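Submitted below is the structure of interest, expressed as structure tokens.
The values are calculated or read from the model by the stated rules, or taken from the named source; none is laboratory data. Since we're looking at a predicted model, the values are computed, not measured. Glycine gets a Cβ as well: all are built from the backbone with ideal geometry, and neighbour counts include every protein chain shown.
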Amino acid sequence: LFFRLIARAGPAKALTVTFLVPVFAVFYGWLLLGERVTAWMLGCALVIVCGVALSSGLVRLPRWRRAA
């Protein structure tokens, strides 16, 4: 399955999926084990998800044009 993802999306986009592992680990720890989630964990998860969205091309920032 991962090799098919590499073939279709490319290696750079396929690698970004591995960055989401800690986010899901914290989520499953909270859901299944009753672990406490702090504001710091949520902030870090937000940074990770935003980074993955930007690097995978899911979200694009507007380009600034230089004044001529």
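Cβ-Cβ under 6 Å, sequence separation 6+ or interchain: first residue in region 28-56 and modelled with pLDDT under 95, partner of a type in the set (S, T, N, Q) and surrounded by 14 or more Cβ atoms within 10 Å (Cβ to Cβ). Which pairs?
Val52/Thr16; Ser55/Thr16; Ser56/Thr16
Matching residues to (1) in a loop (DSSP other than H, G, I, E, B); (2) surrounded by 10 or more Cβ atoms within 10 Å (Cβ to Cβ); (3) among the basic types (Lys, Arg):
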{"position": "Arg4", "(1), (2), (3)": "no, no, yes"}
{"position": "Thr16", "(1), (2), (3)": "no, yes, no"}
{"position": "Phe24", "(1), (2), (3)": "no, yes, no"}
{"position": "Val37", "(1), (2), (3)": "yes, yes, no"}
{"position": "Leu46", "(1), (2), (3)": "no, yes, no"}
{"position": "Leu58", "(1), (2), (3)": "yes, yes, no"}
{"position": "Arg66", "(1), (2), (3)": "yes, no, yes"}
